[in-house]
């Protein structure tokens, strides 16, 4: 069952914007020109533009070996609004370069690190689908909490592969071992909540299929809400997803989130990523 044709349409918009920003970034531009171009994009998916820019700048920095100097300049200007997506874009850069973050992300930044691995997981699902999806293989060196981030990103990719068809998503999910399902469902929640295009019947079925990982699907929806709260782009689609999946309105969740975005998500203090997820799950009780 599809959530609606709008899901596929929204995915097309996301992918189109990502590629347009890539094309723009192939040419030399000042930081001010880059930000001006990104901020001119439609608000609904503007953060995706920042994700693509982060990917391109991260690649250039990795090739230059300059410890992310250019990308960090972009972070300083847009951290509060778009960090979620810029972290994911940086994950694309590491994945494309064939390297792992390693020393770039010390223990004091565990949330940022896991979102970078989320980007790595999505990239592998997109460009290395045979190994990553069909054979369920994980790149060497990814384990523990980093594997959670990787699988979360892969879960987002599964949602795109299914194009909002919940039955097809379920088949994809069933091909993975059960111990990987929680992180995969978290990624599905993020993608479903952010991309939008929801109708109630499809969301109800999605919630049913999530089974024992229901709370992870709900957590993903709330992570999407946190991202859109930061960028000021919460819309009716996300309102519907929160009401059906989490049994709460976006306003009710935002009231409980409080300063989570400042406390965890965008300044990346020493709290573990698992601590963030645990606190988000407490909202659902």
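The values are calculated or read from the model by the stated rules, or taken from the named source; none is laboratory data. Bear in mind that the values here come from a model prediction, so they are computed numbers and not experimental data. Quick reminder, even Gly has a Cβ in these numbers, built from the backbone with ideal geometry, and neighbours come from all protein chains shown.
Couple of notes before you dig in:
- The listed residues are 183, 162, 191, and the only one of them that is closer than 18 Å to residue 10 by Cα and touching a residue at least 12 places away in the same chain (Cβ under 8 Å) turns out to be 191.
- Residue list for segment 181-202, restricted to those being over 22 Å from residue 120 (Cα atoms) and buried (at least 20 other Cβ atoms within 10 Å of the Cβ): 196, 197, 198, 202
- Tallying residues that are over 17 Å from residue 231 (Cα atoms), free of Cβ contacts under 8 Å to residues at least 40 places away in the same chain and loosely packed, with under 14 Cβ neighbours inside 10 Å within segment 23-53 yields 7.
- Count of residues meeting criterion [assigned to a helix (DSSP H, G or I) and under 19 Å from residue 240 (Cβ atoms)] in segment 157-196: 13
- Complete set of residues in segment 91-137 that are part of a loop (DSSP other than H, G, I, E, B) and modelled with pLDDT of 95 or more: 128, 135, 136, 137
- Considering each residue of segment 170-180 in turn, none proves to be under 28 Å from residue 46 (Cα atoms), modelled with pLDDT of 95 or more and buried (at least 19 other Cβ atoms within 10 Å of the Cβ).
- Considering each residue of segment 19-36 in turn, at least one proves to be under 22 Å from residue 193 (Cα atoms) and part of a helix (DSSP H, G or I).
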